[in-house]
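Enquirer: Just dropping this structure here.
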Amino acid sequence: MADVAAHAGVSAQTVSRVVNGSPRVDPQTRARVEEAMAALGYRIHRAAQALRTGRTRTIGLVVSTLATVGNSRMLQAVCAAAEARDYAIVVVTATADSGIRPAFSRLHDRAVDGAIVLNEATRLVQLAGTTGDMPLVVVDAEPAAHLVTVQTDHADGARTATAHLLAGGAATVHHLAGPADSFAAAERERGWRAALAEAGAVVPEPVRGDWGSRSGAAAAVLLGDATAVFAANDQMALGLLHGFADLGRRVPNDVAVVGFDDVPEAVDYLPPLTTVRQDFDALAERAVSRLIDLAEGAGPRDAASDSLAEVLGAELIVRDSSRPAPGA
C-alpha cells in the first residue's frame, strides 16, 4: 500500500480509502490510485480485509432451482449488479424437502455479508419465520413486517395482459397458471381474475403448468376451445403455441396468446409473442442495493425506498400472437 501511495503521489490513507470504496476520494485521485495499483500489480487481500472490517463483500443467493428461465435470468442479473459493487456471489439451493435452514447454515459457514432469496425459495423463508441475524432481501414474496422485499408488480402486469386480450374482442380469457406454491404465479392469477371481474366476464377454471414449455403444450388440449389465453410465463406460452399448431389452431386468428417475462427469444417465437416485460436488471439492482445497505448498517429502509416492500412496474409488449393479421 505504501508503494502504491508513493507511485500515485498520495498518502497511504488515501489508498486505503480507495481500496475500501470510500466516497470521500476525489474522482481524479481515485483514478490515479487505481492506475498505480494496476501498474504495480497490487491486489486487495480479501481475507485480511475481512478480518479487519468483519465483512467479506460476498452475497449469498438462495434459489430453489436454476432450471426455470426466471431464476436463471435473475441469477445473471444479480451477479452483474453485485459485480458492479465489487461483491462476489455464493449460490445455494433450498427445496421443500431440505428446507431453508441448511441453506442458511452453508451461507453462515462462508461468512457472507447477507443473502438474497429468489422466487419459489421465498416461501421457505416465510415458513421458517427467522433465519438468524443475517441481513436478508427476498425477491417476489408476500410483504411481511420483518422482511425487506423487492418484487415485480405481477398482478398489474397480468391485469394489463388480460385487459388487452379482452379489448381484442375475446368474450373471456383463459389462464395457463404457474405452480401453486409460487408467489409470482399466484399474483399473476390474481391480476387475471381482477381484469375479468372488472369486465364482467366469465372466469374459467385455470389450467396449471410447471413453468416449462412441455406443460404448455399439454395444456393446449385442455384449452382447445379457448379464443384467448394468458400464460403465466413465456416458456409455457411457447409450448402453448406449439400445442395449438399441432391441433390445427392458428395463433392469433383462432386463439390469441399472451405470455409473461419477455424472454429474449420471445420476439423469435412463431408468431412473435405478446408478453409482459419485467425488468430483471432493475429488480436485481434494487435487491443488491438494498442488501448492501442492510449489510453496511443503513437499516431496513434506505433513501431510495421508504418501505420494507418495493414494487417495480411491468410493461405489456404487444406482438403478433395477440393481433390478427390484416384481412385474416
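Enquirer: So, restricting to helices (runs of 4 or more DSSP H) that lie completely within the stretch 1-92, which ones have at least 1 residues that are of a type in the set (Lys, Arg) and at pLDDT 85 or above?
Expert: 27-40, 69-84
Enquirer: What do you reckon, is residue 172 of a type in the set (S, T, N, Q) and crowded, with 24+ Cβ neighbours inside 10 Å?
Expert: no
Enquirer: Here is a follow-up. Within the stretch 253-265, is even one residue open to solvent by 10 Å² or more (accessible area, probe 1.4 Å), assigned to a helix (DSSP H, G or I), under 19 Å from residue 206 (Cβ atoms) and out of contact with any Pro (no Cβ under 6 Å at 6 or more places or on another chain)?
Expert: Looking through the stretch 253-265, none of the residues is open to solvent by 10 Å² or more (accessible area, probe 1.4 Å), assigned to a helix (DSSP H, G or I), under 19 Å from residue 206 (Cβ atoms) and out of contact with any Pro (no Cβ under 6 Å at 6 or more places or on another chain).
Enquirer: Further question on the same structure: Can you tell me how many residues within the stretch 99-123 are open to solvent by less than 60 Å² (accessible area, probe 1.4 Å) and in a loop (DSSP other than H, G, I, E, B)?
Expert: Residues flagged as open to solvent by less than 60 Å² (accessible area, probe 1.4 Å) and in a loop (DSSP other than H, G, I, E, B) within the stretch 99-123 amount to 5.
The values are calculated or read from the model by the stated rules, or taken from the named source; none is laboratory data. Everything numeric in this text was worked out from a predicted model, so none of it was measured. So basically every Cβ, Gly included, is an ideal-geometry build from the backbone, and we count neighbours across all protein chains shown. What goes into the accessible areas is simple: the full protein's heavy atoms, side chains included, and nothing from ligands, DNA or RNA. Shrake-Rupley method; radii C 1.70, N 1.55, O 1.52, S 1.80 Å.
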